[in-house]
1. Between residue 121 and residue 74, what FRET efficiency follows from the Cβ-Cβ distance if R0 is 41 Å, with the result rounded to 0.05?
2. What percent do you get for the relative contact order of the chain when only Cα pairs under 8 Å and 6+ apart count?
3. Treating the angle as unsigned and between 0 and 90°, give the value, to the nearest 10°, between the Cα long axis of helix 103-124 and the longest Cα principal axis of the chain.
4. Between residue 16 and residue 43, what is the label-point separation in nm under the 7 Å Cα-to-beta-carbon projection?
5. Considering only DSSP beta bridges whose two residues both sit in the chain, what percent are antiparallel, to the nearest 5?
6. Could you please tell me the mean projected area of the C-alpha convex hull for the chain, averaged over all directions and given in square nanometres to one decimal?
7. Quickly rank 64-70, 84-90 as a protection proxy: mean count of other C-beta atoms within 10 Å, highest first.
8. Can you put 12, 98 in order of Cβ neighbours within 10 angstrom, beginning with the fewest?
């Protein structure tokens with residue numbers, strides 16, 4: 001088994017685990033960043049399982065694949081109209097919470113990003 005084959009196997013195993021967690025109600029929204037060829041395989045699996053998803057372009061060879069509950073994807077579409085690194089501190093916070101990240105760490109991240117944004121605006125203005 002080549003390293004590339006191992007990576008694909010590992011990615012598929014992780015993806016299937018995410019589907020398991022979603023179906024068991026552990027997660028409501030999942031984000032996977034991957035190359036386009038893997039995304040095609042994963043999207044087919046999501047369609048077979050009748051799981052809603054959203055694809056966000058990252059660059060020519062990479063996409064973000066979000067999947068989960070329709071209400072989460074609907075909310076996501078209101079602010080995922082730009083690269084994730086360009087989200088406002090508020091949008092970044094909301095995405096982190098929706099993905100189930102640690103609330104305290106998300107609060108700390110939000111405060112740090114907000115402080116950095118304010119300092120940046122003061123330097124420019």
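1. Working: r = 31 Å, r/R0 = 0.75.
That pair, residue 121 with residue 74, gives E of 0.85.
2. Values: 107 pairs, mean separation 25.3, N = 125.
Result for the chain is 20 percent.
3. Tilt relative to the chain: about 50 degrees.
4. Rounded to a tenth, the inter-label distance reads 2.2 nm.
5. Taking every DSSP beta bridge within the chain, about 100 percent pair in antiparallel fashion.
6. Values: hull surface 38.4 nm².
Approximately 9.6 nm², given one-decimal rounding.
7. For the peptides 64-70, 84-90, the packing ranking is 64-70, 84-90.
8. Listing 12, 98 from fewest to most nearby Cβ atoms yields 12, 98.
Here, each number is a calculation from the coordinates, and none is a lab measurement. In this text the structure is predicted, and so the values were computed from the model without any measurement. As a convention, Cβ positions derive from the backbone with ideal geometry for all residues, glycine included, and neighbour counts pool all protein chains shown.
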